[in-house]
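A.B. asks: Supplied in structure tokens, the structure appears directly below.
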Amino acid sequence: MSTSIIQLLASEKHKGDNYGTWKSNINTILVIDDLRFVLTEECPPSPGLNANRTVRDAYDRWVKANEKARVYILASISDVLSKKHERLAITREIMDSLQGLFGKSSTSAMHDTIKFVYNFIMKEGTSIKEHVLNMMVDFDVAELNGVVMNEKSQVAFIMQSLPKIFFQFKMNAMMNKIEYNLTIVLNKLQIYKYKG
């Protein structure tokens with residue numbers, strides 16, 4: 001477990017009255033550690049004796065990721081909540097239970113997430129790479145809250161969030177009807193920033 005993850009887990013332990021902040025932190029950790037898929041994907045069936053390597057690897061990856069995510073969650077909630085949820089083996093079951101106990105309605109969570117992404121603006125002194133990667137994490141968090149956002153919309157939100165120094169870049173994309181994917185827009189923005 002990296003130091004930054006330990007600090008994030010320790011900084012905002014879920015005790016009952018801080019569910020929104022805690023959930024945002026835990027979602028960030030799961031995205032950073034590439035564990036988020038255990039909340040959205042079912043566990044693959046247990047491979048039989050004759051299963052090929054790909055099937056066994058997919059199963060093993062999910063099981064290991066689930067256990068790691070489960071430990072992160074149990075370590076980041078109060079002792080009482082941890083004791084209540086330790087019998088649950090599936091990470092998604094723990095998150096669903098906590099959502100039921102402390103979460104807002106799903107409509108309210110979706111609304112708050114969309115509002116946050118829509119109003120996100122690049123901060124002064126932030127590198128363009130850091131800004132775009134932060135937005136990509138926010139898109140993943142939005143997806144966890146039930147927001148369906150295709151890549152074209154995600155790129156549009158990134159473009160909208162850029163400060164005035166990227167005006168020419170935005171105008172060029174709009175005038176020439178250039179459609180970027182997330183990887184290409186990140187690369188092009190970094191190149192543009194170094195030219196400008």
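A.B. asks: Going by what's in this entry, would residue 94 be described as in contact (Cβ under 8 Å) with a residue 24 or more places away in the chain and in a helix (DSSP H, G or I)?
C.D. replies: For residue 94, the condition - in contact (Cβ under 8 Å) with a residue 24 or more places away in the chain and in a helix (DSSP H, G or I) - is met.
A.B. asks: Sticking with this structure for a sec: Within the stretch 58-72, can you find the residues that are surrounded by 14 or more Cβ atoms within 10 Å (Cβ to Cβ) and of a type in the set (A, V, I, L, M, F, W, C)?
C.D. replies: Of everything in the stretch 58-72, those that are surrounded by 14 or more Cβ atoms within 10 Å (Cβ to Cβ) and of a type in the set (A, V, I, L, M, F, W, C) turn out to be 58, 62, 63, 65, 69.
A.B. asks: Can we say residue 153 is under 15 Å from residue 130 (Cα atoms), surrounded by 13 or more Cβ atoms within 10 Å (Cβ to Cβ) and of a type in the set (S, T, N, Q)?
C.D. replies: No, not satisfied.
A.B. asks: Quick test of your reading of the structure: residue 132 fulfils all but one of (1) modelled with pLDDT under 85; (2) crowded, with 16+ Cβ neighbours inside 10 Å. Name the failing condition by number.
C.D. replies: Result: residue 132 passes all but (1).
A.B. asks: Restrict the check to the stretch 15-27 and report whether at least one residue is among the aliphatic types (A, V, I, L, M), surrounded by 13 or more Cβ atoms within 10 Å (Cβ to Cβ) and at pLDDT 85 or above.
C.D. replies: yes
Here's the yes/no breakdown for (1) in contact with a strand residue (DSSP E or B) (Cβ under 9 Å, 6 or more places away or on another chain); (2) closer than 25 Å to residue 162 by Cβ; (3) modelled with pLDDT under 85:
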| site | (1), (2), (3) |
| --- | --- |
| 74 | no, no, no |
| 87 | no, no, no |
| 95 | no, no, no |
| 108 | no, no, yes |
| 116 | no, yes, yes |
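A.B. asks: Going by what's in this entry, would residue 147 be described as in a loop (DSSP other than H, G, I, E, B) and either within 23 Å of the chain's Cα centre (by Cα) or modelled with pLDDT under 90 (or both)?
C.D. replies: Criteria met by residue 147.
A.B. asks: So which residues in the stretch 28-57 are aliphatic (A, V, I, L, M) and surrounded by 10 or more Cβ atoms within 10 Å (Cβ to Cβ)?
C.D. replies: Hits for the stretch 28-57 are 29, 30, 31, 32, 35, 38, 39, 51, 55.
A.B. asks: Now for a different question. From (1) among the hydroxyl-bearing types (Ser, Thr, Tyr); (2) crowded, with 17+ Cβ neighbours inside 10 Å; (3) not assigned by TED's automatic domain parsing to the domain that holds residue 22, pick out the condition that doesn't hold for residue 91.
C.D. replies: Every listed condition holds for residue 91 apart from (3).
A.B. asks: Just to check your reading of the model, which residue among 184, 158, 191 is among the hydrophobic types (A, V, I, L, M, F, W, C), in the same structural domain as residue 127 (by TED's automatic domain parsing) and farther than 21 Å from residue 117 by Cα?
C.D. replies: Result of the check over 184, 158, 191: 191.
A.B. asks: Right, next: If residue 103 meets every condition in (1) more than 30 Å from residue 159 (Cα to Cα); (2) at pLDDT 90 or above apart from one, which number is that one?
C.D. replies: For residue 103, the failing item is (2).
A.B. asks: Every residue in the stretch 62-76 that is of a type in the set (A, V, I, L, M, F, W, C) and free of Cβ contacts under 8 Å to residues at least 12 places away in the same chain, please.
C.D. replies: 71
A.B. asks: Now for a separate question. Of the residues that make up the stretch 95-108, is at least one more than 19 Å from residue 138 (Cβ to Cβ) and touching a Lys or Arg at 6+ places or on another chain (Cβ under 6 Å)?
C.D. replies: No: the stretch 95-108 contains no residue that is more than 19 Å from residue 138 (Cβ to Cβ) and touching a Lys or Arg at 6+ places or on another chain (Cβ under 6 Å).
Yes/no matrix, rows are residues, columns are (1) assigned to a helix (DSSP H, G or I); (2) in the same structural domain as residue 186 (by TED's automatic domain parsing); (3) more than 19 Å from residue 9 (Cβ to Cβ):
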{"residue": "50", "(1), (2), (3)": "no, no, yes"}
{"residue": "56", "(1), (2), (3)": "yes, no, yes"}
{"residue": "73", "(1), (2), (3)": "yes, no, no"}
{"residue": "82", "(1), (2), (3)": "yes, no, no"}
{"residue": "87", "(1), (2), (3)": "no, no, yes"}
{"residue": "98", "(1), (2), (3)": "yes, no, no"}
{"residue": "111", "(1), (2), (3)": "yes, yes, yes"}
{"residue": "115", "(1), (2), (3)": "yes, yes, yes"}
{"residue": "122", "(1), (2), (3)": "no, yes, yes"}
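The values are calculated or read from the model by the stated rules, or taken from the named source; none is laboratory data. Note that the structure is a prediction, hence the values are computed from the model and not measured. A quick note on method: Cβ atoms are made from the backbone with ideal geometry, for glycine too, and the neighbour counts reach across all protein chains shown.
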